[in-house]
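Chemist: My questions all concern the structure below.
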Amino acid sequence: MDLIKYIIIAIIQGITEPLPVSSSGHMYLFKQLLNTNMFNDLNYEIVCNFGSFLAIFIIFRKDIFKLINDFFSYIFKKENRTKTKKSFWYCIYLVISTIPVAITGLLFKDFLETKMNQIYFLGFAFLITALVLYLVRNIKGKKEDFDITLKDAIIIGLFQAITIFPGISRSGTVLVACLLCKLSRSAALKYTFILYFPVSVGSMILGVSDLINNPNLASLIMPYAIGMVIAGVITYFSYEWLSNWVKKGKLAYFSVYCLFLAAFIFIYFR
């Protein structure tokens, strides 16, 4: 049963992490449907998230390495600043977009865990996600990767800040913000998922001490490793699916799905 539990969590994480449907919301809903505490292994969720992290890293590895190289080249090699200026500011904007969610998380973490962890709030969160995805379904921006501005970075950061609420999809919300800022669909996808890295790294750093201090860690290495691989592989293909649908302007399908989930929650848990 434990192995089945780990595999189920990894599959949920892998499918929903890249999609604009909230992986944390799906995990919480799954726990409520089964009415059990057997899926409350937060350390394992961190491991699965790391699997998703690796998958997204592999997808964007060339962009990430170029951004890092250009960023430090701009700082330490004055002769290269003309060529690396756009990448340098792109990295700065990523940092700016990360600040609001970091501040919000630190300020409201305890409140969210005690007050907002309720199934009806999850239903409203899915409803909000459905609405915003539907509203931007036909937007076709023209800004490319390095056309993003300071104003765009701040707006995207403010949108991302609300994703600390359970059930609000981080990828979906940030993608919506990017489209509202008139980024092209491909540029919006790239910014959304490169912005995933600082947020994901931060959450993993906060949880790694608990993971290391787990007295049962030795016996959990194998199921944890299996779950990480499963989550990573499924995340990779799930992103490819999302990418194709976004580029074809099919965000409305995810909107309908979230609307269905919201209706299901309000009816089933009434």
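The values are calculated or read from the model by the stated rules, or taken from the named source; none is laboratory data. Keep in mind that what you see is a predicted model, and the values were worked out from it rather than measured. When we count neighbours, we look across all protein chains shown, and the Cβ atoms used for this are built from the backbone with ideal geometry, even at glycine.
Chemist: Please work out which residue is surrounded by the fewest Cβ atoms within 10 Å (Cβ to Cβ), limiting yourself to segment 26-49 and to residues that are at pLDDT below 80 and aromatic (F, W, Y).
Modeler: F39
Chemist: Looking at segment 242-251, which of the residues that are assigned to a helix (DSSP H, G or I) and without any contact (Cβ under 8 Å) to a residue 12 or more places away in the chain is surrounded by the fewest Cβ atoms within 10 Å (Cβ to Cβ)?
Modeler: That would be N244.
Chemist: Now for a separate question. Can you run down the residue pairs with Cβ atoms below 8 Å, 6 or more apart or on separate chains, where the first is in segment 68-81 and without any contact (Cβ under 8 Å) to a residue 24 or more places away in the chain and farther than 24 Å from L195 by Cα and the partner is of a type in the set (A, V, I, L, M) and surrounded by fewer than 17 Cβ atoms within 10 Å (Cβ to Cβ)?
Modeler: none
Chemist: Kindly provide the set of residues from segment 144-170 that are among the hydroxyl-bearing types (S, T, Y) and closer than 20 Å to L106 by Cα, ordered by number.
Modeler: T163, S169
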